[in-house]
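The values are calculated or read from the model by the stated rules, or taken from the named source; none is laboratory data. Everything quoted here is computed from the prediction, not taken from an experiment. For neighbour counting, all protein chains shown are included, and Cβ atoms are generated from backbone atoms with ideal geometry for every residue, glycine included. Calculation scope for accessible area: heavy atoms of the full protein, side chains included, ligands and nucleic acids excluded. Shrake-Rupley method; radii C 1.70, N 1.55, O 1.52, S 1.80 Å.
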Amino acid sequence: MSVIDSLKRPEHTGENRCLPCTAVNVALVVLVGLAVSVLSPLVGFVVLVGGALAVYLRGYVVPGTPSFAPRVVSALGLAGVFDHGDADSSPDRRSESLDANVDPDVMLSTLLNAGVLVEEEDGLFLADDAREEWESTMATLRKTTDEELAEAVANAVPFDATVDAEFGGISLDGPSMSVWISRPQAIADVATLYTVVERGVDPMVALAATEPMRMFTEVCPDCGGAVEETTTRNCCGGTAGLYDSPEHEVLGCADCGAVVYEFPDE
Ligand SMILES: [Zn+2]
């Protein structure tokens with residue numbers, strides 16, 4: 001491995017490069033470089049070249065860039081300039097959902113009848129025994145490797161699918177869907193399928209329940225940390241990073257930053 005390779009940060013460069021982060025950093029490098037040049041042209045030159053090289057190799061040079069650059073860019077009204085491009089040319093790592101063509105009302109009444117959910121005066125809740133089983137299944141799945149998790153997904157979905165560990169998550173290619181789901185989501189969804197089907201629910205209805213069930217998450221599927229309502233933005237690592245933006249409401253893990261459930265846009 002060359003020195004150049006060891007400096008490279010593939011998670012922030014190549015197809016993962018975040019344009020707002022890169023642009024803000026280039027602008028800062030130029031500003032700092034010019035300011036230093038006034039005092040010492042040589043040092044200014046070194047700052048410019050070194051900074052540009054760092055941005056090129058590492059994606060950004062200013063620590064914490066992913067947490068502020070997208071906000072800076074959108075505050076300047078430039079977000080549209082850095083559209084993340086069409087999904088065809090750059091793989092979008094935003095986690096998708098397993099879905100089934102099931103009427104939401106039918107799904108809800110089925111889950112209530114099966115005792116997975118209980119309706120109380122102040123809303124819907126996960127039944128205690130269902131939560132116990134759901135969380136203990138998640139705890140077991142938490143210990144798996146990505147490859148083992150992919151196998152668990154393949155066994156749990158009610159159709160034949162090609163399932164692989166890819167991009168730090170799970171990609172699933174089935175007869176009616178082709179999706180990529182994050183590891184935390186895959187853990188929660190497999191646990192949902194087991195827990196719900198075990199209570200006599202049709203597997204396709206259980207599949208449709210995987211996304212709404214994640215609303216009831218209290219423990220991070222992936223690390224066991226506390227899940228809280230927070231916000232995120234699809235930038236710099238997509239939904240893997242929680243604290244990029246105050247714009248999108250999600251249930252996320254306070255410990256590892258995993259996004260467990262995304263509230264629908266109002
Ligand atoms: Zn976590």
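Things worth noting here:
- Only a single item in (1) among the β-branched types (V, I, T); (2) crowded, with 23+ Cβ neighbours inside 10 Å; (3) within 20 Å of the chain's Cα centre (by Cα) is not met by V196, and it is number (3).
- Some residue of the range 152-171 being open to solvent by 50 Å² or more (accessible area, probe 1.4 Å) and within 16 Å of the ligand (Cβ to nearest atom): yes
- Being free of Cβ contacts under 8 Å to residues at least 40 places away in the same chain and part of a loop (DSSP other than H, G, I, E, B) holds for only one residue in D164, D105, D160, D99, and it is D160.
- Residues of the range 191-215 that are more than 18 Å from D105 (Cβ to Cβ) and either in a loop (DSSP other than H, G, I, E, B) or within 16 Å of the ligand (Cβ to nearest atom) (or both): A191, R199, G200, R214.
- Matching option when the condition is open to solvent by 60 Å² or more (accessible area, probe 1.4 Å) and at pLDDT 80 or above, among P63, P41: P41
- For the range 118-135, the set of residues classified as free of Cβ contacts under 8 Å to residues at least 12 places away in the same chain, open to solvent by less than 70 Å² (accessible area, probe 1.4 Å) and under 15 Å from R199 (Cβ atoms) consists of V118 only.
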